Amino acid sequence: MRHFIFFIALLNISTMVAQEESDKTLDGTYHLLFEERGITTKHIQFVEKNDAKMLLIASCEKCFPAMYQYRPEESESIGQSVFYAMGIFIISYDAESFIAVVPSLDENTAFAFSNFYSKNKTTLKMMTKEKIEAYASKL
């Protein structure tokens, strides 16, 4: 019985460490497909406090970040992490990239705004506005 309890405790600790490390892999400098007000990179950090998960996105290391709240229902529904604030959805694309979209109120266009953020410059070069919007529409 002691060995079983030890095993369960060890499993829980390793799960918590793995979760913390996987969340920290989101942290870093991301390159933008399209400039936003002259900015070509964003600094992204994942934060979890009091059961609230947030993605902080800043235009520079010392700039005040925008805080995007994790949306568990939407994330579970589409199988990708979804964060939301001020009408902007930030959606995981892969382990090193996100898409940012604002749904359009105009019936003729699906999105009022879309952009792609990636740590990987090769992935960034392969992305287009059409691919971003097709991916977001599919979700």
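The values are calculated or read from the model by the stated rules, or taken from the named source; none is laboratory data. From a predicted model like this one, the values you see are computed outputs, not experimental measurements. Backbone-built Cβ (ideal geometry, glycine too); neighbour counts: all protein chains shown. Remember, those area values only see protein heavy atoms, side chains included, never the ligands or the DNA or RNA. Shrake-Rupley method; radii C 1.70, N 1.55, O 1.52, S 1.80 Å.
If I compute solvent accessible area with a 1.4 Å probe over the protein chains, what percent of it on the stretch 22-65 is carbon and sulfur?
Values: 1410 of 2840 Å².
That fraction is 50 percent.
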Checklist outcome for this item: Expressed per residue, the solvent accessible area of the stretch 19-139 in Å² (1.4 Å probe) is about 62
Checklist entry - Exactly which GluC sites (Glu not before Pro) in the stretch 49-139 are in a DSSP loop and have at most 11 other Cβ atoms within 10 Å? => result 61, 107
Checklist entry - Leaving out same-chain residues fewer than 8 places away, which lysines sit with a Cα under 30 Å from that of residue 49? => result 24, 62, 119
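Where the accessible area of the stretch 86-139 is counted over protein heavy atoms with a 1.4 Å probe, how much of it, in %, is carbon and sulfur? Don't skip to the end; give the middle numbers.
Details: 1780 of 3120 Å².
Ligands and nucleic acids excluded, carbon and sulfur reach 57 percent.
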Checklist entry - How much length is gained on full extension from residue 120 to residue 56, taking 0.36 nm per residue of separation minus their Cα-Cα distance? => result 21.1 nm
